[in-house]
Amino acid sequence: MTDIRDDVRAGFAETFGYEASGIWSAPGRVNLIGEHTDYNEGFVLPFAIDRRTIIALGLREDRLMRIASEFADELVELDLSELTPENLTGWSAYPLGVAWALGEHGADLAAVPGFDIFVDSDVPVGAGLSSSAAIESAVALALNDVWALGLDRRTLARVGQLAENRAVGAPTGIMDQSASMLGETDSAVFLDCRSLDSEIIDLGFAAAGLEIVIIDTGVNHSHATGGYGERRASCELGAKLLGVTALRDVAVADLDQARTILDDVTFRRVRHIVTENQRVLDTVRVLREQGAGAIGDLLDASHQSMRDDFEISVPELDLAVETARMNGAIGARMTGGGFGGAAIALVPVDAISRLQVAIDGAFAEHGYGQPDTFVVSAAKGAGRD
Ligand code: ADP
Ligand code: MG
């Protein structure tokens with residue numbers, strides 16, 4: 001981590017010809033459980049990970065915004081007077097979209113000074129670990145500081161979401177930014193996506209001798225836009241036919257009756273959301289009452305529900321989950337929006353290397369590309385370094 005911080009300082013100086021005035025960073029996230037529940041106004045349980053996007057920033061005397069990233073081979077420039085969502089494209093829509101979204105939350109964009117930003121990151125891009133929320137949160141926190149806006153972290157999470165919704169054009173919920181802004185060491189963020197209330201939940205992985213292993217299948221999830229939209233539409237249809245505002249309002253006990261009202265596909269989509277919501281609540285309760293060693297079955301059930309009812313898994317994710325379970329993991333599931341990306345496995349520390357070897361072997365045997373397997377721990381949210 002120290003390395004990246006030095007790199008980002010050096011990258012800033014090399015790109016802009018002067019020393020940055022500060023360094024800020026924000027983590028990616030993993031969702032422990034609660035998939036596709038966010039836009040159904042339900043519950044999620046993500047945690048911030050020890051992979052971060054780091055930015056160096058210097059304020060300018062004029063009104064120019066300049067931004068460069070290790071990720072991209074270009075320096076993007078825009079004057080603050082031209083900052084509209086429509087004027088933003090490509091990767092810079094994430095950070096500059098945040099500057100615009102701060103204007104929607106009270107920053108006086110006609111008066112604030114311009115800035116230079118250099119970005120570096122060890123959050124894998126497009127793996128479902130939310131490199132997007134990491135860059136948004138780092139920039140939101142930095143501009144909140146240097147523009148002296150005094151916005152709180154929950155508001156800054158909404159700023160990141162607004163940037164992603166309006167400047168990038170991705171219809172995502174508030175989960176990723178909340179995890180990145182609010183995360184704490186060895187803890188998860190229990191978020192109610194209706195009220196936006198959140199609570200820090202002790203994970204106790206370290207005490208239980210457990211780690212979370214990420215298995216990034218390398219299957220790109222960016223082509224998933226169609227599938228994601230379809231699932232959202234099914235959920236909306238289900239809620240409408242059941243006469244509720246959102247599927248959050250349907251209980252597991254209501255499912256028998258829902259089956260008589262809905263067609264088979266819509267019913268199975270609804271059943272995933274309703275049972276998944278309950279699994280988030282159960283996971284929080286089990287963590288509190290019994291500890292992390294007892295949540296494995298809930299992770300497994302979540303994967304089965306996404307595979308069979310919500311139908312958003314792919315063979316690579318199923319193989320990763322099955323292989324992990326047969327090689328020491330106490331629970332495993334795909335994580336993120338689906339159609340690719342990563343799986344997570346909850347693994348006793350002494351089983352990790354066996355599990356990694358087994359995953360590599362299984363993928364080779366099936367002729368799949370080699371997955372990237374690594375351990376993450378639950379880390380602190382965005383901060384000034
Ligand atoms: P995920 O959030 O799962 O990693 P997304 O598609 O939501 O995937 O966001 C990835 C996009 O965010 C990248 O394609 C890029 O446009 C932007 N991005 C993320 N990290 C960086 C970075 N370090 N520098 C520049 N752009 C980044
Ligand atoms: Mg993202």
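The values are calculated or read from the model by the stated rules, or taken from the named source; none is laboratory data. Because the structure is predicted, anything quoted here is derived from the model rather than measured. We place every Cβ from the backbone using ideal geometry, glycine too, and count neighbours over all the protein chains shown. Ligands, DNA and RNA are stripped out before the accessible areas are found, and what is left, the full protein with its side chains, is counted by its heavy atoms. Shrake-Rupley method; radii C 1.70, N 1.55, O 1.52, S 1.80 Å.
Table for the structure above
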{"read-out": "Count - residues of the range 51-75 that are under 30 Å from L182 (Cα atoms) and either open to solvent by 50 Å² or more (accessible area, probe 1.4 Å) or in a loop (DSSP other than H, G, I, E, B) (or both)", "value": "5"}
{"read-out": "Residues satisfying the stated conditions in the range 199-242, i.e. open to solvent by 50 Å² or more (accessible area, probe 1.4 Å), closer than 26 Å to V284 by Cα and either at pLDDT below 95 or within 16 Å of ligand 1 (Cβ to nearest atom) (or both)", "value": "A206, A207, R232"}
{"read-out": "Sole exception among (1) within 15 Å of ligand 1 (Cβ to nearest atom); (2) within 30 Å of G209 (Cα to Cα); (3) open to solvent by less than 10 Å² (accessible area, probe 1.4 Å) for V189, by number", "value": "(1)"}
{"read-out": "Residue match in the range 40-50 (condition: in a helix (DSSP H, G or I) and buried (at least 24 other Cβ atoms within 10 Å of the Cβ))", "value": "yes"}
{"read-out": "The one condition in (1) in contact (Cβ under 8 Å) with a residue 60 or more places away in the chain; (2) over 22 Å from D192 (Cα atoms); (3) touching a Lys or Arg at 6+ places or on another chain (Cβ under 7 Å); (4) not charged (D, E, K, R) that F267 fails to fulfil", "value": "(1)"}
{"read-out": "Candidates P113, P124 - the one that is within 10 Å of ligand 1 (Cβ to nearest atom), of a type outside the set (D, E, K, R), surrounded by fewer than 24 Cβ atoms within 10 Å (Cβ to Cβ) and assigned to a loop (DSSP other than H, G, I, E, B)", "value": "P124"}
{"read-out": "Flag if L182 is under 27 Å from T283 (Cα atoms), away from ligand 2 (no atom under 16 Å from the Cβ) and buried (at least 23 other Cβ atoms within 10 Å of the Cβ)", "value": "yes"}
{"read-out": "Residue within the range 284-294 that is open to solvent by 40 Å² or more (accessible area, probe 1.4 Å) and closer than 23 Å to S130 by Cβ present", "value": "no"}
{"read-out": "Contacts under 7 angstrom Cβ, first residue in the range 38-52 being on the phi < 0 side of the Ramachandran plot, partner of a type in the set (K, R) and buried (at least 24 other Cβ atoms within 10 Å of the Cβ), 6 or more apart", "value": "P46/R29; F47/R29; A48/R29; I49/R29"}
{"read-out": "Exclusive hit being free of Cβ contacts under 8 Å to residues at least 40 places away in the same chain and either closer than 23 Å to G218 by Cα or charged (D, E, K, R) (or both), set A133, A170, A157, A148", "value": "A170"}
{"read-out": "Candidates A345, A329, A320, filtered to the one that is in a helix (DSSP H, G or I), of a type outside the set (S, T, N, Q) and surrounded by 24 or more Cβ atoms within 10 Å (Cβ to Cβ)", "value": "A320"}
{"read-out": "Selected residue (criterion: nearest to N144 (Cα to Cα)) from residues of the range 82-103 that are assigned to a loop (DSSP other than H, G, I, E, B) and touching a residue at least 12 places away in the same chain (Cβ under 8 Å)", "value": "L83"}
{"read-out": "Qualifying residues in the range 76-108 (those that are open to solvent by 40 Å² or more (accessible area, probe 1.4 Å) and either within 12 Å of ligand 1 (Cβ to nearest atom) or of a type in the set (V, I, T) (or both)) - the one farthest from V376 (Cα to Cα)", "value": "T84"}
{"read-out": "Whichever residue in the range 160-179 is part of a loop (DSSP other than H, G, I, E, B) and in contact with a helix residue (DSSP H, G or I) (Cβ under 7 Å, 6 or more places away or on another chain) and, among such residues, is most open to solvent (accessible area, probe 1.4 Å)", "value": "P171"}
{"read-out": "Lone unmet requirement of (1) within 25 Å of A208 (Cβ to Cβ); (2) surrounded by fewer than 19 Cβ atoms within 10 Å (Cβ to Cβ) for I261", "value": "(1)"}
{"read-out": "Residue in the range 362-382 that is surrounded by the fewest Cβ atoms within 10 Å (Cβ to Cβ), counting only those that are part of a helix (DSSP H, G or I) and touching a residue at least 24 places away in the same chain (Cβ under 8 Å)", "value": "A362"}
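Matching residues to (1) within 16 Å of ligand 2 (Cβ to nearest atom); (2) in contact with a strand residue (DSSP E or B) (Cβ under 7 Å, 6 or more places away or on another chain); (3) at pLDDT below 95:
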{"residue": "N87", "(1), (2), (3)": "no, yes, no"}
{"residue": "G97", "(1), (2), (3)": "yes, no, no"}
{"residue": "E104", "(1), (2), (3)": "no, no, no"}
{"residue": "V119", "(1), (2), (3)": "yes, yes, no"}
{"residue": "G126", "(1), (2), (3)": "yes, no, yes"}
{"residue": "D152", "(1), (2), (3)": "no, no, no"}
